[in-house]
1. What is the residue count in region 76-112 for residues that are over 20 Å from residue 9 (Cβ atoms) and not in a strand (DSSP E or B)?
2. Checking residue 125 against (1) surrounded by fewer than 17 Cβ atoms within 10 Å (Cβ to Cβ); (2) touching a strand residue (DSSP E or B) at 6+ places or on another chain (Cβ under 9 Å); (3) at pLDDT 95 or above; (4) within 21 Å of residue 218 (Cα to Cα): exactly one of these is not met. Which one?
3. Out of everything in region 132-141 that is modelled with pLDDT of 95 or more and assigned to a loop (DSSP other than H, G, I, E, B), what residue ends up being surrounded by the most Cβ atoms within 10 Å (Cβ to Cβ)?
4. When region 174-228 is examined, which residues are found to be on the phi > 0 side of the Ramachandran plot and surrounded by fewer than 21 Cβ atoms within 10 Å (Cβ to Cβ)?
5. Residue 5 passes all but one of (1) surrounded by 16 or more Cβ atoms within 10 Å (Cβ to Cβ); (2) more than 30 Å from residue 165 (Cβ to Cβ); which number fails?
6. Among the residues of region 22-42, which ones are touching a strand residue (DSSP E or B) at 6+ places or on another chain (Cβ under 8 Å) and surrounded by fewer than 18 Cβ atoms within 10 Å (Cβ to Cβ)?
7. I'm trying to understand the selection: among the residues of region 19-59, which are within 14 Å of residue 104 (Cβ to Cβ) and at pLDDT below 95?
8. Could you please let me know if residue 240 is at pLDDT below 95 and either out of contact with any helix residue (DSSP H, G or I) (no Cβ under 6 Å at 6 or more places or on another chain) or assigned to a loop (DSSP other than H, G, I, E, B) (or both)?
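The values are calculated or read from the model by the stated rules, or taken from the named source; none is laboratory data. Because the structure is a prediction, the values reported are computed rather than measured. Every residue, glycine among them, receives a Cβ derived from its backbone with ideal geometry; neighbour counts consider all protein chains shown.
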């Protein structure tokens, strides 16, 4: 990615995060109604408005790029460049007043994520990752330093997952085996947990049934902080991946973690 293209993409992603934050915050901790989507997951007017606002920015600034959003699907001409948007990752957390949701913005090039942004509107935290660069962290109030932490063995690892309910019958026993070999498990966090991993607060995250808008932005953020993010087989994530996601802060743990999930 040329420096000019990169700078344009960073500016566009930042503008999208800014407008999504302004759109989402007024709805936080209000009596917001949620509709059920076809997969029974909730969606709100805040999700829809934030995605549309981000789409408008990208369509104006980068009309030659395609866009895939969780709420409105695919738009734009066929292109090697694809923006992937999740206006509120963690709508359940958002609806219950917990500031662990986030806005996810990713730019894919030829099927692989090359730029990722995680924004937490309530706490004012923002992570920006770009392939080949160190992740940056901006925060209005809360402390944090980018950099995953060393973890000498899985038995010392803090494991995180959004919820046990996301595990399918096929994945649940494999996740349970991973739990047996790690120190303890914390639940909840959605995309926020990956930001904490990038700050050296969590060691391992394992999830399944993830869509590209759930994980696309996470890859550059985690890897730019010194970690690794793959599927449960240890393979790089692509648009054709099977929905399993494994993130680890200490990359030397990856083979052991994959073995426990096999």
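1. 12
2. (1)
3. 135
4. Just the residues of region 174-228 that are on the phi > 0 side of the Ramachandran plot, to begin with: 188-190, 200, 209, 226.
Answer for region 174-228, where residues must be on the phi > 0 side of the Ramachandran plot and surrounded by fewer than 21 Cβ atoms within 10 Å (Cβ to Cβ): 188, 200, 209, 226.
5. Among (1) surrounded by 16 or more Cβ atoms within 10 Å (Cβ to Cβ); (2) more than 30 Å from residue 165 (Cβ to Cβ), residue 5 violates only (1).
6. 32, 33, 34, 35, 36, 37, 42, listed by residue number.
7. The answer is 47, and nothing else.
8. Taking the combined requirement at face value, the residue satisfies it.
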